[in-house]
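Q: One structure coming up, written as structure tokens, with questions to follow.
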Amino acid sequence: MNRGPTRAAFVHRLADGQRRRQPDRLVVEEPLSIQLDGRLVATTMRTPGHDFELAAGFCFGDGMLAGAPVQGIRYCADGSATDTAFNVVTVETGGAAPTPEPRLGPTSSACGLCGHDSIHALTDRLEPFAGAERIDPDLLASMPDRMRDTQTLFAATGAVHAAAAFDSSGAVVLAREDIGRHNAVDKVVGRLLLDRRLPASGLGLCVSGRASFEMVQKAWAAGFATLVAVSAPSALAVELARAAGMTLAGFVRDGAVNLYTEPGAD
């Protein structure tokens with residue numbers, strides 16, 4: 001069983017009129033069932049690695065912990081982890097967290113919110129940012145390049161997304177990669193949660209790809225007042241970022257940046 005994030009393969013490359021067989025690396029995509037105190041709450045397609053962070057970050061971002069501290073995380077809830085191929089993780093609060101409401105359907109690697117019956121359930125519990133530190137737009141424009149230096153899995157496969165927490169100087173504090181955009185964010189949030197570094201005051205979040213509603217919601221829930229995306233945001237993401245009092249930057253490429261929301265300047 002391959003527990004790594006990549007798998008060896010061979011491809012036939014056609015270029016310049018020639019055909020060559022050459023080695024390649026493929027990113028691994030497997031299901032992960034997430035349980036909270038033994039109850040199934042979601043199944044997501046993810047790249048193996050940092051699974052405990054992913055499970056903790058997911059439960060936190062969805063508000064399932066409701067302030068309850070994580071007492072432990074382990075593979076499986078009953079029996080051996082090998083029986084479930086390390087694809088079941090349970091987050092334990094000793095029953096301190098409320099009985100969780102599972103998502104209505106499986107979560108794909110493309111969209112973490114699929115199947116959720118109400119987006120308001122994710123945002124009504126959150127308070128807007130007040131007086132959050134504003135980060136220099138020139139620094140925001142540099143963040144994708146800074147994050148790219150941490151993207152070793154993308155360099156090997158070209159098939160994963162990344163998320164990175166950064167400070168006001170532009171230093172990358174923490175970065176994670178995954179085939180799912182939302183999973184990469186959950187892994188960052190989960191690591192900060194387990195390190196007792198939430199809320200992420202004074203930190204920004206940079207993500208590869210687009211800024212969807214869920215990217216903004218996860219950033220807001222974790223305390224990131226700034227979200228930087230390599231691609232465009234959705235209209236709902238901009239609306240939510242404005243309601244949160246967040247700075248939302250998109251199309252951050254080649255030293256340029258579009259500021260869709262900027263508290264104090266909107």
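Just so you know, all these numbers are worked out from the coordinates, no wet-lab data involved. Note that the coordinates shown come from a computational prediction; the quantities given were computed from them, not determined experimentally. Positions of Cβ are generated from backbone atoms using ideal geometry, with glycine treated the same way; all protein chains shown enter the neighbour counts.
Q: What are the ³J(HN,Hα) couplings of region 244-252, residue after residue, when phi is run through the Karplus curve with 6.51, -1.76, 1.60 and θ = phi - 60°? Round to Hz, x for glycine and proline.
A: 7, x, 9, 8, 10, 10, x, 6, 8
Q: If you don't mind, there's one more thing I want to ask. With Cβ to Cβ distances under 9 Å as the rule, what net charge do the other residues near residue 184 carry (K, R +1; D, E -1)?
A: Once all neighbours under 9 Å are counted, the net charge is 0.
Q: In the calculated pair distance distribution of region 137-261, what percentage of Cα-Cα distances lie above 20 Å? Mind showing how you got there, number by number?
A: Details: 2627 of 7750 pairs.
Considering region 137-261, 34 percent of its Cα-Cα pairs are separated by more than 20 Å.
Q: Using amide H atoms built in the peptide plane, which far-off residues or other-chain residues are under 5 Å from residue 37 H to H?
A: Those lying under 5 Å, H to H, from residue 37 are 91, 92, 93.
Q: Looking only at region 145-169, which residues have a backbone nitrogen under 19 Å from a spot 7 Å from the Cα of residue 210 in the C-beta direction?
A: 159-163
Q: Once phi is turned into ³J(HN,Hα) by the Karplus curve 6.51 cos²θ - 1.76 cosθ + 1.60 with θ = phi - 60°, what whole-Hz value does each residue of region 48-58 show in order, with x for glycine and proline?
A: Along region 48-58, the couplings run x, x, 6, 5, 5, 4, 4, 5, 5, x, 5 Hz.
Q: Give the Cα extents of the chain along the principal axes, in whole Å, largest first.
A: 56, 55, 31
Q: Once amide H atoms are built 1.01 Å from N in the peptide plane, which residues 5 or more positions from residue 43, or in another chain, come under 5 Å H to H?
A: Under 5 Å from the amide H of residue 43: 34, 107.
Q: For region 1-63, what is the Kirkwood hydrodynamic radius in Å, using each pair of distinct C-alpha atoms?
A: Numbers: mean 1/r = 0.0698 Å⁻¹.
Taking every pair of different Cα atoms in region 1-63, averaging 1/r and inverting gives 14.3 Å.
Q: What does the charge add up to near residue 248, with Lys and Arg as +1, Asp and Glu as -1, over the other residues with Cβ less than 9 Å from its Cβ? Please report the intermediate quantities before stating the final value.
A: Values: positive: 242; negative: 262.
Counting the neighbours of residue 248, the net charge comes to 0.
Q: Tell me, what ³J(HN,Hα) does each residue in region 63-75 have, in order and in whole Hz, if you take phi through Karplus 6.51 cos²θ - 1.76 cosθ + 1.60 with θ = phi - 60° and put x for Gly and Pro?
A: Taking θ as phi minus 60°, the curve returns x, 6, 6, 6, x, 5, x, 7, 8, x, 9, 8, 6 Hz for region 63-75.
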